[in-house]
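Asker: Quick one: structure below, then a few questions.
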Amino acid sequence: MSTEDAPTRKLILYVAGETPKSLAAISNLERICREHLPGKYRIEVIDLKKNPQLAREHKIVAIPTLVRELPIPIRKIIGDLSDEQKVLVNLKVE
Amino acid sequence: MRDSQEQALQSLIDDLRQRVAEAEETLSAIRDGSVDAVVVGGEGQDEVLVIGDDVSAFRNFMEAMEPGAVAVDSAGRLLYANARFRQIFCEDWDQLKGKSLSEILPGSAAQMVGKLISHDDHEAAPLSVSFLERGVERNYLVSARPVHLGTVRGFAVTFSDLTERVRAETAERAQRVANAIIASANEAVIVCDRTLTITHANFAAEALSTEKLVGARLDTAIPLKFPDATGILEVGELVESSLGGTPLRSIEAFAPMSPGAHDVLVSAAPLNISDDEPEGCVLTLVDLSQRKKDERQMHLLMRELDHRVKNTLALVLSISKRTAASEETLEGFQGAFSGRIEALAATHNLLAGASWESLSLRQIFGAEVLPYTETGSDRINIIGPDLNLYPRAAIALGLIFHELATNAIKYGALSGETGAINLEIHPRTDSPSIEVTWTERGGPPVKSFSRKGFGHTVIARSLSYSPHGGTTLEFEPTGVVCHIRIPSSDVA
């Protein structure tokens, strides 16, 4: 499936305030999506420092974690998303 | 029924497998440090725990720092920026966080700071960067130190504002350069403010006043008088005019109180330091003493030249008339007249070469007499000290020598092969005259001039302009002897 045909990704990034890894994950995700999924993504950043109870919906344990909610099935990527290839594989872009 | 039980069991197994895989991935992420917070649940309440050092103390410390300070991870991404840094680049932290330092800093500064944080094993020397901040160039000393923030390694980068110091240094240097320029100018340079108080003056300017110039009022320290033609009455008007946007150049002025030059050429230009109105005036005063002296000398020379030309024309006219009266043929007139004018010209040439100051008697003799003898001949002998004669005596003596030589060629010592001429220059004494004796010998027997022509008159009268000048002509049997008296006042 090419990038052009790909459905919109709904991505939820769970972070813990402004920890170094959280900031790195936000920065990496924005860059990867901008470069590889232009116009085909929606990102929601959830700060679990502020709302820790939101971790339950996707059973989040380690932060940062990225959840690809759409398209199903749900996929999780744990870490600061610095491994671009791993992120792209999980987002089914590559 | 059995199939549906098996399917449910398989689904449970798949779910358990996925959970185990997730748990393994989570543990691995915690172990390799790619996460720095975990969610822990207790008594139905979830809580987020940050792994690693508490970075809040570090942040508080950075916030209190006066220089701009940021914490970046090893990729240069902003993890934290204090208030001063945000003030410099962007007030909104949400726009800064996670951004790379190279995206925030302007081009060249980004490259330089990028190199600073590429050394993760050692601390690089601080470097100076400058960039425009809200349209104004500012200078910062940037230093970076490796730090651990939570689970990551990164850098603390500080931006110390050197702008004011650099500006002060630049201004100080500019001031030194300006002072050096003023000091090294050969002409007098004076800078005064709008109230005519002198703020700068070089060495040449100090020589124009008896008092210390800096701090004094221009119009009292160096009072200047201007010729009526300039329409300026005092130096204050000059300054006012230049402050009003009309610089004045090369105005002649007189400095009556100056211990140095009195005649000066003044120029005044506004001192523009900013776009506002001029803060003062820069005056240059060129010493005109030498030029004035030269002008006076030139006028003197012009008058002298006029006088000499008139005298010479009168002399030529007289020579022409007298020669015509004493010569019987046109050929005789042409020869005698040309010879006399050439004699006059020879002395003139010598005088012109000596700037019409004085001529050596030997030079005059050489110009008028030696052309009639063979080179290296011992028929001409000069003894005694040389004399330097002023133009009047030099011209007269030139004509006398010419007439004596012409006579010697025609009738005297130089008319044959064996005759000789002795010129004896007598030493100078207290007498108002100095004597020079022309003695011919070895020529044919001498008779007195049968007819006293103009040549005789020239010899007799040329030096008679002074009571102490004159000639006595004797016709000895051995040859002509001429005693020439030159006025001592015409000898240098």
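Asker: Whether any residue in the range B:118-136 is aromatic (Phe, Trp, Tyr), under 42 Å from the mean Cα position of the chain (by Cα) and open to solvent by less than 50 Å² (accessible area, probe 1.4 Å) is what I want to check.
Answerer: yes
Asker: Being on the phi > 0 side of the Ramachandran plot and within 14 Å of another protein chain (Cβ to nearest Cβ), is that true of even one residue in the range B:54-75?
Answerer: No, the range B:54-75 contains no residue that is on the phi > 0 side of the Ramachandran plot and within 14 Å of another protein chain (Cβ to nearest Cβ).
Asker: Any residue in the range A:51-70 that is within 20 Å of B:Val35 (Cα to Cα) and of a type in the set (Gly, Ala, Ser)? Quick ask: steps written out before the conclusion?
Answerer: Of all residues in the range A:51-70, those within 20 Å of B:Val35 (Cα to Cα) come to A:51-68.
From what is left, the residues that are of a type in the set (Gly, Ala, Ser) are A:55, A:62.
Yes: the range A:51-70 contains one or more residues that are within 20 Å of B:Val35 (Cα to Cα) and of a type in the set (Gly, Ala, Ser).
Asker: Only one residue in B:Leu350, B:Leu404, B:Leu359, B:Leu387 is surrounded by 15 or more Cβ atoms within 10 Å (Cβ to Cβ), among the hydrophobic types (A, V, I, L, M, F, W, C), under 46 Å from the mean Cα position of the chain (by Cα) and within 20 Å of B:Asn422 (Cα to Cα). Which one?
Answerer: B:Leu387
Asker: Please state which of the following conditions B:Leu141 fails to meet, knowing it meets all the rest: (1) closer than 25 Å to B:Ser56 by Cα; (2) surrounded by 15 or more Cβ atoms within 10 Å (Cβ to Cβ).
Answerer: Of everything listed in (1) closer than 25 Å to B:Ser56 by Cα; (2) surrounded by 15 or more Cβ atoms within 10 Å (Cβ to Cβ), B:Leu141 misses just condition (1).
Asker: A further question follows. Might you check whether a residue that is out of contact with any strand residue (DSSP E or B) (no Cβ under 8 Å at 6 or more places or on another chain), assigned by TED's automatic domain parsing to the domain that holds B:Leu473 and under 28 Å from B:Ser355 (Cβ atoms) occurs anywhere in the range B:432-454?
Answerer: No: the range B:432-454 contains no residue that is out of contact with any strand residue (DSSP E or B) (no Cβ under 8 Å at 6 or more places or on another chain), assigned by TED's automatic domain parsing to the domain that holds B:Leu473 and under 28 Å from B:Ser355 (Cβ atoms).
Asker: Something else about it: Going through B:Ala253, B:Ala336 one at a time, which residue ends up being open to solvent by less than 80 Å² (accessible area, probe 1.4 Å), under 29 Å from B:Trp356 (Cα atoms) and in contact (Cβ under 8 Å) with a residue 12 or more places away in the chain?
Answerer: Details: B:Ala253 fails: under 29 Å from B:Trp356 (Cα atoms).
The unique qualifying residue is B:Ala336.
Asker: Another question, then. I'd like to check which strands (runs of 3 or more DSSP E) are fully inside the range B:354-462 and have at least 1 residues that are of a type in the set (D, E, K, R) and in contact with a helix residue (DSSP H, G or I) (Cβ under 9 Å, 6 or more places away or on another chain).
Answerer: Counting at least 1 such residues, we get B:433-441.
Asker: From (1) open to solvent by less than 40 Å² (accessible area, probe 1.4 Å); (2) under 23 Å from the mean Cα position of the chain (by Cα); (3) not β-branched (Val, Ile, Thr), pick out the condition that doesn't hold for B:Leu271.
Answerer: Of (1) open to solvent by less than 40 Å² (accessible area, probe 1.4 Å); (2) under 23 Å from the mean Cα position of the chain (by Cα); (3) not β-branched (Val, Ile, Thr), only one is false for B:Leu271: (1).
Asker: Among the residues that make up the range A:40-48, is at least one of them modelled with pLDDT under 90 and either within 11 Å of chain B (Cβ to nearest Cβ) or open to solvent by less than 40 Å² (accessible area, probe 1.4 Å) (or both)?
Answerer: Among the residues of the range A:40-48, not one is modelled with pLDDT under 90 and either within 11 Å of chain B (Cβ to nearest Cβ) or open to solvent by less than 40 Å² (accessible area, probe 1.4 Å) (or both), which makes the answer no.
Asker: Here's a follow-up. Out of the residues in the range A:52-61 meeting the condition of being under 19 Å from A:Asn90 (Cα atoms) and in contact (Cβ under 8 Å) with a residue 40 or more places away in the chain, tell me which one is farthest from the other protein chains (Cβ to nearest Cβ).
Answerer: Step by step, filter the range A:52-61, then rank; the result is A:His58.
Asker: Among (1) within 11 Å of another protein chain (Cβ to nearest Cβ); (2) modelled with pLDDT of 85 or more, there is one condition B:Val20 misses while meeting the rest; what is its number?
Answerer: Here B:Val20 meets the rest and fails (1).
Each row is one residue, and each column tells you yes or no for (1) farther than 19 Å from B:Glu187 by Cα; (2) in the same structural domain as B:Thr197 (by TED's automatic domain parsing); (3) in contact with a Gly (Cβ under 6 Å, 6 or more places away or on another chain); (4) basic (Lys, Arg).
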{"position": "B:Ser241", "(1), (2), (3), (4)": "yes, yes, no, no"}
{"position": "B:Leu248", "(1), (2), (3), (4)": "no, yes, no, no"}
{"position": "B:Ser258", "(1), (2), (3), (4)": "no, yes, no, no"}
{"position": "B:Glu277", "(1), (2), (3), (4)": "yes, yes, no, no"}
{"position": "B:Gln297", "(1), (2), (3), (4)": "yes, no, no, no"}
{"position": "B:Asp306", "(1), (2), (3), (4)": "yes, no, no, no"}
{"position": "B:Thr312", "(1), (2), (3), (4)": "yes, no, no, no"}
{"position": "B:Glu327", "(1), (2), (3), (4)": "yes, no, no, no"}
{"position": "B:Gly332", "(1), (2), (3), (4)": "yes, no, no, no"}
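Asker: Given the options B:Pro445, B:Pro432, B:Pro427, name the one that is over 60 Å from the mean Cα position of the chain (by Cα), open to solvent by 60 Å² or more (accessible area, probe 1.4 Å) and either of a type in the set (Gly, Ala, Ser) or more than 19 Å from B:Thr347 (Cα to Cα) (or both). Before you say what the answer is, go through the steps one by one.
Answerer: Values: B:Pro432 fails: over 60 Å from the mean Cα position of the chain (by Cα); B:Pro427 fails: over 60 Å from the mean Cα position of the chain (by Cα).
Residue meeting the stated conditions: B:Pro445.
Asker: Let me ask something additional. Condition first: more than 11 Å from chain B (Cβ to nearest Cβ) and either of a type in the set (Ser, Thr, Tyr) or over 25 Å from B:Gly150 (Cβ atoms) (or both). Can you find one or more residues in the range A:13-31 that meet it?
Answerer: No, the range A:13-31 contains no residue that is more than 11 Å from chain B (Cβ to nearest Cβ) and either of a type in the set (Ser, Thr, Tyr) or over 25 Å from B:Gly150 (Cβ atoms) (or both).
Asker: Something else about it: Can you spot a residue in the range B:285-293 that is out of contact with any Leu (no Cβ under 7 Å at 6 or more places or on another chain), open to solvent by 80 Å² or more (accessible area, probe 1.4 Å) and within 30 Å of B:Gly443 (Cβ to Cβ)?
Answerer: No, the range B:285-293 contains no residue that is out of contact with any Leu (no Cβ under 7 Å at 6 or more places or on another chain), open to solvent by 80 Å² or more (accessible area, probe 1.4 Å) and within 30 Å of B:Gly443 (Cβ to Cβ).
Asker: Next question, about the same structure. Any residue at all in the range A:75-85 that is more than 9 Å from chain B (Cβ to nearest Cβ), in contact with a Lys or Arg (Cβ under 7 Å, 6 or more places away or on another chain) and open to solvent by 70 Å² or more (accessible area, probe 1.4 Å)?
Answerer: yes
Asker: Also: For a quick check of your reading: which strands (runs of 3 or more DSSP E) sit entirely within the range B:16-77 and have at least 2 residues that are touching a residue at least 12 places away in the same chain (Cβ under 8 Å) and out of contact with any helix residue (DSSP H, G or I) (no Cβ under 8 Å at 6 or more places or on another chain)?
Answerer: Here the list reads B:45-50.
Asker: Report every pair of residues separated by at least 6 positions or lying on different chains whose Cβ atoms are under 8 Å apart, first residue within the range B:81-106 and within 14 Å of another protein chain (Cβ to nearest Cβ), second hydrophobic (A, V, I, L, M, F, W, C) and in a loop (DSSP other than H, G, I, E, B).
Answerer: B:Asn82/B:Met65; B:Leu96/B:Cys90; B:Ser100/B:Ala75; B:Leu101/B:Ile117; B:Ile104/B:Cys90
Asker: Are any of the residues in the range B:233-246 over 26 Å from B:Thr210 (Cβ atoms) and open to solvent by 70 Å² or more (accessible area, probe 1.4 Å)?
Answerer: Yes, some residue in the range B:233-246 is over 26 Å from B:Thr210 (Cβ atoms) and open to solvent by 70 Å² or more (accessible area, probe 1.4 Å).
Asker: Tell me, yes or no, whether the range B:318-333 has at least one residue that is under 49 Å from the mean Cα position of the chain (by Cα) and among the small types (Gly, Ala, Ser).
Answerer: Within the range B:318-333 (the criterion being under 49 Å from the mean Cα position of the chain (by Cα) and among the small types (Gly, Ala, Ser)), the answer is no, since none of the residues qualifies.
Asker: Additional query: Please go through the range A:62-74 and pick out each residue that is within 11 Å of chain B (Cβ to nearest Cβ) and open to solvent by 70 Å² or more (accessible area, probe 1.4 Å).
Answerer: A:Pro73, A:Ile74
The values are calculated or read from the model by the stated rules, or taken from the named source; none is laboratory data. Here the structure is a predicted model, which means the values were calculated and not measured. For neighbour counting, all protein chains shown are included, and Cβ atoms are generated from backbone atoms with ideal geometry for every residue, glycine included. Just the protein is used for accessible areas: all its heavy atoms, side chains included, with ligands, DNA and RNA removed. Shrake-Rupley method; radii C 1.70, N 1.55, O 1.52, S 1.80 Å.
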